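Please treat every number below as a calculation from the coordinates, not as lab data. Owing to the predicted nature of the structure, the values given are computational and were not obtained by experimental measurement. Heads up, the Cβs are rebuilt from the backbone with ideal geometry, glycines too, and the neighbour counts pull from every protein chain shown.
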Amino acid sequence: MIQLADVGEAAVVNRYLQRVPVDLDAMAADLGLEVERSPLSENIAGKLVRDARARAGYRIVINSRDSSRRQRFTFAHELAHYMLHRDLVDEVVDNALYRSPNLGDDMERQADRFAAQLLLPANEVRRAYAREKALARLAELFDVSDQALRIRLRELRLAP
Ligand SMILES: [Zn+2]
């Protein structure tokens, strides 16, 4: 379960965390966000920008040149910025290391952690890991990179 200051938003998010791979497009649409996949410069992973046409007032832009699993991590990272940091900054432009000029490293780490919670919900990871230990198959199940999966398994104390 994800906790957010906005209880309604948390309810929407938690509904999508019950089925994997987590449907980020449906979650974003439900939150009122516009999502755009465009070829960006190779040192930009993604952005969160203002968009008056979006119900939520924001658009997430994902670098479509990246691999699909990396694009999913970018998507989740920008969703995290929207939910956690939108009142602090007007827009976020994340470089390839998921760092942006106008947010501190602690907030970027917070967005990374939150992204992992969205892509790899704790309950679902524990349940899947009880049946399946092969990293490649688990990564496929959640549609995440092996690296993101390994970090999350450590975080949940399921693997060393
Ligand atoms: Zn970021």
To the nearest 0.05, the calculated FRET efficiency linking Glu91 and Gln18 through their beta-carbon distance, R0 being 41 Å, is 0.85
Suppose only helical runs count, i.e. DSSP H with n ≥ 4. What mean residue ellipticity at 222 nm does that imply for the chain under -39500 (n - 2.57) per run, divided by all residues and rounded to the nearest 500 deg cm²/dmol? -15000 deg cm²/dmol
Classify region 3-45: rounded, prolate or oblate, from the alpha-carbon gyration tensor (a ≥ b ≥ c, eigenvalue square roots; a/c under 1.5 rounded; otherwise prolate if a/b is larger than b/c)? prolate
Top positive-direction residue, dipole computed over region 55-160 with Cβ charges, set Leu84, Pro101, Ala159: Ala159
Note down the net charge around Ala122, summing +1 for each Lys or Arg and -1 for each Asp or Glu among other residues with Cβ under 11 Å from its Cβ. +2
Using alpha-carbon pairs under 8 Å, 6+ residues apart, how would you state the relative contact order of the chain in percent? 21
Correct semi-axes for region 7-155, from √(5λ) of the alpha-carbon gyration tensor and rounded to whole Å with the largest first, are 24, 17, 14
When the dipole is taken about the Cα centre of the chain, and only Lys, Arg (+1) and Asp, Glu (-1) are charged at their Cβ, what size is it in debye, to the nearest 20? 680
What is the list of residues in region 1-28 whose amide nitrogen lies under 16 Å from a point 7 angstrom out from the Cα of Asn123, following Cα to Cβ? 1-4, 10-23
Around Leu97: net Lys/Arg minus Asp/Glu count, Cβ-Cβ under 11 Å: -3
With a Förster distance of 45 angstrom and the Cβ-Cβ distance between Arg157 and Arg53, calculated FRET efficiency to the nearest 0.05 equals 0.55
For the chain, the longest site-free run once trypsin sites (Lys or Arg not before Pro) in DSSP loop states with at most 12 other Cβ atoms within 10 Å are removed: 56-132
